[in-house]
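So the structure is just underneath, and the comments pick up after that.
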Amino acid sequence: MRHALLQKLRSLAEQRNACGIVVSTEASVFYFTGFRGPGYLVYSIADDSFTLLVPALEFLRAKKALTEEALEGYLDVVAFTPYGLPGGLALDATDDYKLVTGRASDVISSMFQDGCKLLVETDSITLVKKLEKSFTVEDVSGAVEDMRATKEPWEIERIEVATEIAEAALNTAISSLEADMSEAEIAAIIEYEMRRRGAIDHAFPTIVAFGENTVYPHAEPSPRRVLGYKPQPVLIDLGAVYKGYCSDITRTLMDGATTEFRKVAEAVHEAVYTAIDAIRPGVSAHEVYEAARRVLASNGLDKYFIHSLGHGVGIEVHEKPRISYRSDVELREGMVVTVEPGVYIPGKFGVRIEELVLVTRKGARVLSRFPSILW
Ligand SMILES: [Mn+2]
């Protein structure tokens, strides 16, 4: 599985005539190694070797991750500690325990010849500044993001399970809705249900909004706002993390929907599916955005659509590609993206419907299965 991804890193180093690569964002280290935590994946062209450099306390967990991913022959784990461990190490008797003293940036620097070109994927300016003292540093964050944007079949399977978990939790939450329940209680039910069903975490703090709170795209669930007896719109945006991969879906419902709510919700629903119909490999992301916007405009609602249409979903809940009016990214087979137009009418209510979609060879496959018309 993942050794094919390591091969892509090796090719990148070769193409750019570099002496090596350092990958250091938690999401990308996880992508290439299956280890989630602080660490650095280092590739050296000179000895054609991959090293996962982790703080001493993470050593055993990193080893375990590599065993689980069948990466043992491809990648060495080395632990570092800035000042050494005063009590010595119970583990240093084992053959494979490698501990080096020094800061990560010094350990990395010692692996390469001064002055060579080093490719770096990081969000740490400190690391870049330190490496720049000895090497020509080239940022490859964009290239790594592009690799991650196209999903392997095993990644898609994980996203599908994360979606099933979120939808099961959503189903429980909707059936639990009662007049005396608060937004926070519904959010708590969702988070509990996702964990109970195998999610390791939520992909982002669950959004539950009732009534006027639905006008905020990122509403915060309140323990004081209860549903009550009067018909109210209910907006729920949730996602689970399963084996490191996220899901992301939104539904807006209303029991006893008003005519005005129904009209807006139907326009948003049409916008979602018109945009999904526009998805296929080779199409520009902004064209998909425009397809949704046109539907809202023909209903006089486009001025209430105040965010982008969607985003890539994978190890991170927001990753490449962005689907906005400015995005000229070409969609490719294997990308997983959200399609989530929303209409937020100040002082009244908001409606957002979000589907999770896989770009296929011919078009799009909607991964989210939960009914989208709930009024
Ligand atoms: Mn989203």
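The values are calculated or read from the model by the stated rules, or taken from the named source; none is laboratory data. Everything numeric here is computed off the predicted structure, so don't read it as measured data. Don't worry about glycine lacking a Cβ; one is built from the backbone with ideal geometry, like all the others, and counts go over all protein chains shown. The protein model used for the area step is the full one, side chains on, heavy atoms only, and it has no ligands, DNA or RNA in it. Shrake-Rupley method; radii C 1.70, N 1.55, O 1.52, S 1.80 Å.
The table for this structure:
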read-out	value
³J(HN,Hα) computed for each position of the range 326-335 - Karplus, 6.51 cos²θ - 1.76 cosθ + 1.60, integer Hz, glycine/proline x	9, 7, 9, 4, 7, 5, 10, 4, x, 6
Those aspartates and glutamates that a straight Cα-Cα span of less than 15 Å connects to residue 129, excepting residues fewer than 8 apart in one chain	106, 114, 121, 138, 139
Size of the range 153-366 as Cα extents on the principal axes (Å, biggest first)	49, 42, 21
Degrees between helix 183-196 axis and first principal axis of the chain (Cα, 0 to 90, nearest 10)	50 degrees
Unit Cα scatterers, Debye sum, the range 3-147: log10 I(q)/I(0) for q = 0.12, 0.17, 0.18, 0.19 Å⁻¹	-0.45, -0.93, -1.04, -1.16
Positive-pole candidate from 49, 28, 112, dipole of the chain, charges at beta carbon	28
Expected-Rg normalisation [2.2 N^0.38 Å, Cα atoms] applied to the chain	1.13
Whole-number percent relative contact order across the range 109-154, with pairs defined as alpha carbons under 8 Å at least 6 apart	40 percent
Dipole in debye (nearest 20) - the chain, about Cα centre, beta carbon charges: Lys, Arg +1; Asp, Glu -1	460 debye
Between 0 and 90°, nearest 10: helix 153-176 axis offset from the chain longest Cα axis	40 degrees
Residue of 20, 239, 37 that the Gaussian network model of the chain assigns the largest fluctuation, springs spanning Cα pairs under 10 Å	37
Per residue accessible area in Å² of the chain, where ligands, DNA and RNA are left out and the probe is 1.4 Å	45 Å²
The chain: angle of helix 3-15 to the longest principal axis, Cα-based, in degrees nearest 10	70 degrees
Rounded percent of accessible protein surface that carbon and sulfur make up, the range 45-170, 1.4 Å probe	52 percent
Dipole axis of the chain (+1 Lys, Arg; -1 Asp, Glu on Cβ), positive-most option in 310, 176, 83	310
Too-long pairs where the Cα-Cα distance tops 20 Å, listed order kept, from 243/362; 151/320; 230/348	243/362
GNM top mover of 148, 225, 352 - the chain, alpha-carbon springs below 10 Å	225
Candidates 66, 127, 309: whichever shows maximal mean-square fluctuation once the chain is modelled as a Gaussian network with Cα springs under 10 Å	127
DSSP beta bridge pairing in the chain, given as percent antiparallel to the nearest 5	70 percent
Assigned charges on the beta-carbon of Lys, Arg, Asp, Glu; the range 330-375 dipole about Cα centre (debye)	120 debye
Carbon and sulfur %, accessible surface of the range 270-350 computed with the full protein complex present, 1.4 Å	46 percent
Shape of the range 154-202, Cα gyration tensor, a/c cut at 1.5	prolate
The range 45-56 - phi-based ³J(HN,Hα) in whole Hz, Karplus 6.51/-1.76/1.60, Gly and Pro as x	5, 4, 10, 6, 10, 9, 10, 9, 9, 10, x, 3
Selection from 288, 149, 4, by position along the positive dipole direction of the chain (Cβ)	288
Cβ charges +1 (Lys, Arg) and -1 (Asp, Glu), total dipole of the range 153-366, debye	320 debye
Reduced Cα scattering model of the range 240-330, Debye log10 I(q)/I(0), q = 0.14, 0.17, 0.20, 0.22 Å⁻¹	-0.59, -0.82, -1.02, -1.13
Projected label distance in nm at residue 8 and residue 136, using a 7 Å step from Cα toward the beta-carbon	2.6 nm
The range 42-57 versus the range 187-251: alpha-carbon centroid distance in Å	40 Å
